[in-house]
Amino acid sequence: MKSKRRFPQKGIAEGKIMARILKAKREDNDFTDGTVFGSMCTSPLEIAKKVHSMFLESNLGNPGLYMGTIELEREVHEAVASLINAPEGYEALSVGGATEGNILALWRARNECGKNKVILPKSAHFSFKKACDLLGMESVEIPLDKDHLPDLYIMEDKIDDDTAVVVGIAGTTELGLVEPIEEIAKIAGDIHLHVDAAFGGFTIPFLKQYETLPRFDFNISGVDSLVLDPHKMGLSTIPLGLYYSIDEHPISVEAPYLTGKHQKTITGTRMSASIPAFWSVIKYIGFEGYSSIVESCMKNTRVLLDLGKSIGLDPIVEPVLNIVSFHHQDPDSVVKKMAKKGWNISQTVNPRGLRFVIMPHVTEGSIYKMVPALEDCI
Ligand code: 0PR
């Protein structure tokens, strides 16, 4: 049988290539029309895109060749450390996103104590399933209470001598809830406590009512590691997650022929352009810029909450962060119908419902346009 040769034999003109590339680009969502309500990522700030494109060759897997990027990384780590109250002697690693950060946290916790159990609220992101499978760890699922927060009595009961790590979430994927990390820390005692702040890490610190929200970061004694994602509410380019630990961890692999000599992240050659990009975002808008963007997302969240109620939808919880989810028995069909009308929304599983992430690209105007379509589909 003649083999199908898909690999181009001869080069073609740039014009032809760009025509195909532009077609593909047009077929992608680019967030500008405000139709995407199902994404935790958004359009990075223009300055981030510009800077990102200047660092395409940087590879912090071999840091000695990229001293400029390394310095910006150090400054990013320091700035974010102060945002999340990381203690003196902390260790920070730039990773590909919270999935890699969560895997790293479980890997380190397991190797530190030689134990195998992961205490995981039912609300945890599916990246922990990947982590447990990869690491051969056993997850013990903690059910949620009537407020959709982990049942702390059951959590306390399930923690035993084989427990390696307890997980708490600051900004749950489905409902945007901030779990009671302080109480979880008390229950966890000396056991490694890892906080997944992928979404909440760049939202909670900027909220006006920050002081009244449950604390989630290294301010709480007992938090050992934490991840947060610049490529979500950090408003920067994909891919970038930040992993923090209260101290330097000995786990590393020798990389004798590279300039760094050791690697601590899971990936070897790794994204690096996102670091200068994120550096430029935090310098460009600062704490005040983030606060006003987050507050505007919260205002729009309340707009959708009220409009949703006005068409008969029942919110699963009162939103704490910029995610609104409404009860619905058949979210799958609504998601499909909405997609046909050009709206991307998402769904929750626990409990079943419709989920809307109110990122900065979602405007009040786009909410007012989307809701009539939603009313037709529910
Ligand atoms: N932890 C939490 C709490 C999360 O919400 C997510 C991702 C992760 C960890 C994993 O983060 P990475 O995917 O960055 O490694 N939550 C979103 C989700 O899976 C990610 C997402 C982003 C989905 C953009 C869709 C999208 O268009 O739902």
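The values are calculated or read from the model by the stated rules, or taken from the named source; none is laboratory data. The structure displayed is predicted, hence computed values, not measured ones. A quick note on method: Cβ atoms are made from the backbone with ideal geometry, for glycine too, and the neighbour counts reach across all protein chains shown. Quick note on the areas: whole protein, heavy atoms, side chains included, nothing else; ligands and nucleic acids left out. Shrake-Rupley method; radii C 1.70, N 1.55, O 1.52, S 1.80 Å.
Looking at E57, is it away from the ligand (no atom under 16 Å from the Cβ) and surrounded by fewer than 18 Cβ atoms within 10 Å (Cβ to Cβ)?
Answer is yes for this residue.
Yes/no matrix, rows are residues, columns are (1) within 16 Å of the ligand (Cβ to nearest atom); (2) at pLDDT 95 or above; (3) among the hydrophobic types (A, V, I, L, M, F, W, C); (4) touching a Gly at 6+ places or on another chain (Cβ under 8 Å):
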position	(1), (2), (3), (4)
S94	yes, yes, no, yes
K115	no, yes, no, no
F128	yes, yes, yes, no
E138	no, yes, no, no
L144	yes, yes, yes, no
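Residues are listed down the side, and each one gets a yes or a no for (1) in a loop (DSSP other than H, G, I, E, B); (2) in contact (Cβ under 8 Å) with a residue 40 or more places away in the chain; (3) open to solvent by 50 Å² or more (accessible area, probe 1.4 Å); (4) within 16 Å of the ligand (Cβ to nearest atom):
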site: L104; (1), (2), (3), (4): no, yes, no, yes
site: W107; (1), (2), (3), (4): no, yes, yes, yes
site: E141; (1), (2), (3), (4): no, no, yes, yes
site: E156; (1), (2), (3), (4): no, no, yes, no
site: A164; (1), (2), (3), (4): no, yes, no, no
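For G365, indicate whether it is touching a residue at least 40 places away in the same chain (Cβ under 8 Å), in contact with a strand residue (DSSP E or B) (Cβ under 6 Å, 6 or more places away or on another chain), outside any loop (DSSP other than H, G, I, E, B) and away from the ligand (no atom under 16 Å from the Cβ).
Judged against the criteria, G365 is not a match.
Among the residues of region 198-234 satisfying the criterion of being β-branched (V, I, T) and more than 11 Å from the ligand (Cβ to nearest atom), which is most open to solvent (accessible area, probe 1.4 Å)?
The extreme case among them is T212.
Hey, L313 hits all of (1) assigned to a loop (DSSP other than H, G, I, E, B); (2) touching a Lys or Arg at 6+ places or on another chain (Cβ under 8 Å); (3) surrounded by 14 or more Cβ atoms within 10 Å (Cβ to Cβ) but one; which does it fall short on?
Result: L313 passes all but (2).
Out of region 186-197, which residues are open to solvent by less than 10 Å² (accessible area, probe 1.4 Å) and hydrophobic (A, V, I, L, M, F, W, C)?
Across region 186-197, the qualifying residues are A188, L193, V195, A197.
Does L65 count as in contact (Cβ under 8 Å) with a residue 40 or more places away in the chain, more than 16 Å from the ligand (Cβ to nearest atom), open to solvent by 60 Å² or more (accessible area, probe 1.4 Å) and over 17 Å from the mean Cα position of the chain (by Cα)?
Judged against the criteria, L65 is a match.
If you scan region 20-33, which residues turn out to be at pLDDT 95 or above and either touching a Pro at 6+ places or on another chain (Cβ under 8 Å) or open to solvent by less than 60 Å² (accessible area, probe 1.4 Å) (or both)?
A24
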